[in-house]
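Everything below concerns the one structure shown next.
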Amino acid sequence: MGFLKDIINHFTSPQHTSFNNKNGFDLDEYNKYNTEKIREFKNKYDLSNISVINNIPPEEAGKFPDGGKSVVYMPEQILNRQATEYKKDKKFDLAIACLKKANEMYPFSYYSYLRDDYERLVDMMVLAGKFDEAKKEHKRLDMTIGTKLSELKVLQKNTVSMGKSSFERYQKEIIDPYLDEYSCREQYYWLLENLSELAPKSFNGYRRMKNSKTENYKKIVEAVKRSGKEIDCLKFWD
């Protein structure tokens, strides 16, 4: 996530003596602290009630201007983890509500978040079969947050200017693999919407079968052709 470096620095900083004893980081104390803070937030807001989730003030994320003592109990992270639990139970409406609220909170947080963090909501909508909503949200994020590709290009420019990589190397190692993943994801989401009976259970499963050219993948290619399209030209977002 976009705040990973901040987290590492935050946890290991000398000023957080409550978690750093003479023998190093006190994991038990850290876990106890998080548990108490998470319980406090969940007691304040019933995360099993969509109406309650919708009405959580986004400013909750800004109540810890120094990041607090741990990123784990930050409100937007509690909502993210709760969404994951709901996903496991296929309670997609609750998962989507949690992620929508988390997205609203990101701008108020001490930590910085990237497009991938916002995109979790879109991915959850797709898994829930809410394809039109996912497309609208994806487009809205492109316009308001910016695209992942534009984000990577900014990083490419900065990385090259600092002498940490050449333009060509960054393109080959970072941007090209992303573009390949983006194309594969469009294919997989198109399959979920149009040929769900043939789509594997996960995106990673689809990538593996495509890379290995399995028999099931070949069946998918033929089914797509019968629909009048080519697998590598499928578009979900457009």
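The values are calculated or read from the model by the stated rules, or taken from the named source; none is laboratory data. Computed from a predicted model, the values in this text were never measured in an experiment. Glycine also receives a Cβ, built like all others from the backbone with ideal geometry; neighbour counts cover every protein chain displayed.
Quick notes on this structure:
- Of all residue pairs spaced 6 or more apart or on separate chains, none has beta-carbon atoms under 6 Å together with a first member in the stretch 161-175 that is within 20 Å of SER150 (Cβ to Cβ) and a second member that is basic (Lys, Arg) and modelled with pLDDT under 95.
- Every pair of residues 6+ apart whose Cβ atoms lie under 9 Å, when the first sits in the stretch 31-42 and is over 18 Å from ALA61 (Cβ atoms) while the second is of a type outside the set (A, V, I, L, M, F, W, C) and modelled with pLDDT of 85 or more: none
- Per the listing ASP132, ASP142, ASP123, the residue uniquely loosely packed, with under 12 Cβ neighbours inside 10 Å, out of contact with any Cys (no Cβ under 9 Å at 6 or more places or on another chain) and not assigned by TED's automatic domain parsing to the domain that holds SER196 is ASP132.
- So ARG208, is it surrounded by 13 or more Cβ atoms within 10 Å (Cβ to Cβ), touching a Ser or Thr at 6+ places or on another chain (Cβ under 9 Å) and basic (Lys, Arg): yes
- Taken over the stretch 222-234, the criterion of being surrounded by fewer than 16 Cβ atoms within 10 Å (Cβ to Cβ) and either more than 23 Å from GLU119 (Cα to Cα) or of a type in the set (S, T, N, Q) (or both) is satisfied by GLU222, LYS225, ARG226, SER227, GLY228, LYS229, GLU230.
- Residues of the stretch 1-59 satisfying the condition of being part of a loop (DSSP other than H, G, I, E, B), modelled with pLDDT of 60 or more and either among the charged types (D, E, K, R) or under 24 Å from the mean Cα position of the chain (by Cα) (or both): ASP26, TYR45, ASP46, LEU47, SER48, ASN49, ASN55, ILE56, PRO57
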